[in-house]
Amino acid sequence: MELTRKILEGDVRAAARLMTMIENGASEARAALKSLYPHTGSGYIIGITGPPGSGKSTLTDELTDELRKRRKTVGIVAVDPTSPFTGGAILADRIRMQRHSLDADVFIRSMATRGHLGGLARATNDIVDVMDAAGKEVILIETVGVGQDEVEVVGTAHTCVVVSVPGLGDEVQAIKAGILEIGDIFVVNKADREGANRTATELEMMLHMAPDTGGWLPKVYKTVATKGKGIVELVDAIFEHKAFLDERDLRKKKGRERSERAFLTLLQETLAARTIERFKRNGSMKELIERIADRELDPYTAVEEVLESIGL
Amino acid sequence: MTTQVEQKIRVLIAKPGLDGHDRGAKVIARAFRDAGMEVIYTGLRQTPEMIASAAIQEDVDAIGLSCLSGAHMYLFPRVMELLRERGADDIVVFGGGTIPDEDIQKLKAAGIAAVFTPGATTGEAIEFVRTNVRKTV
């Protein structure tokens, strides 16, 4: 397939076009993803997550700079929220990354969530796969600004970096649930601000309270991304975590879990879409919904009936 | 990925040149978002090379260039030239700023699809993008 061949040869425009098709749910995208799939699986995926304004974009920019110094090619997927009112979005993460825009070994793609919850866009996984197939050795995923519950990135990334900042009051409390459990590495960014040490200590204390399962022990790092401080140490820590995973064959395990989730999601979506399509085609959808709304029929029975009618 | 098709117009709003007046660019970025588009905003002091590269990576349908420095006669055509070199001149490029009438014709001859001068409304720009971007994914 022409598109796939171009992408594997490193054609940026072809890869970018496919990413758009994926985001738009175009049917041609499936064919391309099928043929690209055997070429995926070698990229190392790093998630950068944390509350809004914690400096994720600047940190991503600095990490990219350091990774390039270490001769790694880099893909960046930066996710910003879609307005729930207009469906539009301003994707502004690139502002902080513009110095890499002329580097042929850095591919930056901005994505809007398009209503998907969880901190990523629905198509993020597939976009990461395209970057992987296009030969990017390290892929950074910058999530939307997250609160306590948007932890989807952990299902995609090999190493998950959770970014916090001092002076957000109970921010550390806020990231305790959910987000604290997904971090492989914790960063207190803007560490030149007052309270940085206290924030770092609080994080460390909470991490020590977690039961020691003999696994990876997350550490807390302090950075000032705007000044490039602490970045070398952070990248070292990421590679330490990578080595930890590889020594124990855990990267493969994570990959398998990701494949399972991706497969199940795809199966659910495809099944739902095909069922609804078939059901709509035979024209009884509207009538059925009326009956449910009028309490003549309950939705559980309705679903069973629909599935039975198509032989499932 | 889903099977339902949801096509969004993606627009890059960029400020080439050295002037620091990005209010117009921000107003247009916001207006486009409110019109349901995905706006990639790259900020100040972009070179034409940076703009073309970002536009291709982001696979945008249109690029809006805002320039108030007076250097539009170099910067705008240069963006077009770079897009052409990379086979991406199907991207619609439009410009805005304090641009004298006599320059507008020359810019259009260079491939800039529209030029919005002070007094033009955001609604006109939105309408222009909606009617002129490529329709196929």
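The values are calculated or read from the model by the stated rules, or taken from the named source; none is laboratory data. A quick note: this is a predicted structure, and the numbers were derived from the prediction, not measured. Neighbour counts run over all protein chains shown; Cβ positions are idealised from the backbone, glycine included. Keep in mind that these areas ignore ligands, DNA and RNA; they rest on the heavy atoms of the full protein, side chains included. Shrake-Rupley method; radii C 1.70, N 1.55, O 1.52, S 1.80 Å.
Here are a few things to note about the model shown:
- Given +1 at the Cβ of Lys and Arg, -1 at the Cβ of Asp and Glu and no other charges, the dipole of the protein assembly as shown around its Cα centre is 800 debye to the nearest 20.
- Just the protein heavy atoms count here, and of the accessible area of chain B at 1.4 Å, carbon and sulfur take up 52 percent.
- Structure note, pairs A:Lys72/A:Lys222; A:Lys222/A:Lys254; A:Lys227/B:Lys8; A:Lys72/B:Lys8; A:Lys34/A:Lys242; A:Lys72/A:Lys254: Cα-Cα distances above 31 angstrom occur for A:Lys227/B:Lys8; A:Lys72/B:Lys8.
- Over chain A, the pair-distance histogram of Cα-Cα distances with 10 Å bins from zero comes to 6, 24, 31, 21, 12, 6, 1 percent, rounded to whole numbers.
- For chain B, the 222 nm mean residue ellipticity estimated from helices alone, with every DSSP H stretch of n ≥ 4 adding -39500 (n - 2.57) and the total spread over all residues, rounds to -12500 deg cm²/dmol.
- Per-residue average of Cβ from other chains inside 10 Å of A:77-86: 2
- Accessible area buried by the pairing of B and A, both sides summed with a 1.4 Å probe, works out to roughly 3400 Å².
- Whole-number accessible area per residue in Å² for the protein assembly as shown, which is evaluated in the context of all protein chains at 1.4 Å: 47
- One Cα centroid belongs to region A:223-259, the other to region A:26-96; the line between them spans 16 Å.
- Taking the longest Cα principal axis of chain B as reference, the axis of helix B:48-57 is set at about 10 degrees.
- Portion, in percent, of the accessible area of region A:1-157 that falls on carbon or sulfur, probe 1.4 Å: 51
- Carbon/sulfur fraction of accessible area - region A:181-244, other protein chains in place, 1.4 Å, %: 53
- Averaged over peptide A:4-17, the number of partner chain Cβ atoms lying within 10 Å of each residue's Cβ comes to 2.
- Antiparallel %, DSSP beta bridges [both residues in chain A], to 5: 5
- Averaged over peptide B:35-48, the number of partner chain Cβ atoms lying within 10 Å of each residue's Cβ comes to 6.
- The loop-placed trypsin sites (Lys or Arg not before Pro) in region A:232-312, going by DSSP, that have at most 13 neighbouring Cβ atoms within 10 Å of their Cβ come out as A:Arg248, A:Arg295.
- Taking chain A and dividing mean pair separation by its residue count, relative contact order in percent (alpha carbons under 8 Å, at least six apart): 17
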